[in-house]
1. Straight-line reach from K38: which lysines fall under 19 Å, measuring Cα to Cα and dropping same-chain residues less than 8 apart?
2. Are there GluC sites (Glu not before Pro) in the chain that DSSP puts in a loop and that have at most 13 other Cβ atoms within 10 Å, and which ones?
3. If you take the alpha carbon radius of gyration of the chain and divide it by 2.2 N^0.38 Å, what ratio comes out, to two decimals?
4. Over region 6-85, what relative contact order in percent results from Cα pairs under 8 Å that are six or more residues apart?
Amino acid sequence: EPDVTIVSGLKDAVVSEGDDVTFQCQLSHENARDVEWKLQDVALQNNEMNEISVEKGKIHTLTLRKVTEQDIGTVTFRVGPHTSTA
């Protein structure tokens, strides 16, 4: 299986409380397995507050809905041994 790398990493974002914020990571290959999103070292699941999606097979997106002060911290995207943070 080819080594999937991060082509375009996460960008820092500043948002107001109650707004949505979106983070995006572009990978070198489609259909990557072993991908993970984290906020403050807590793994995120796709639910009503966290929308996790993949576009065109390579662009992985995390949208945090209606952020609060508790959402301040580091967002991490990991694929295999590679990580990107914002």
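1. K11, K58, K66
2. Loop-located and lightly packed - E17, E30, E48.
3. Here the answer is 1.05, to two decimals.
4. RCO, region 6-85: 39 percent.
Throughout, read-outs are computed from the coordinates displayed, never taken from laboratory work. What you see is a predicted model, and the numbers here were worked out from it, not measured in a lab. With ideal geometry, Cβ positions are generated from the backbone for all residues, glycine too; neighbour counts draw on all protein chains shown.
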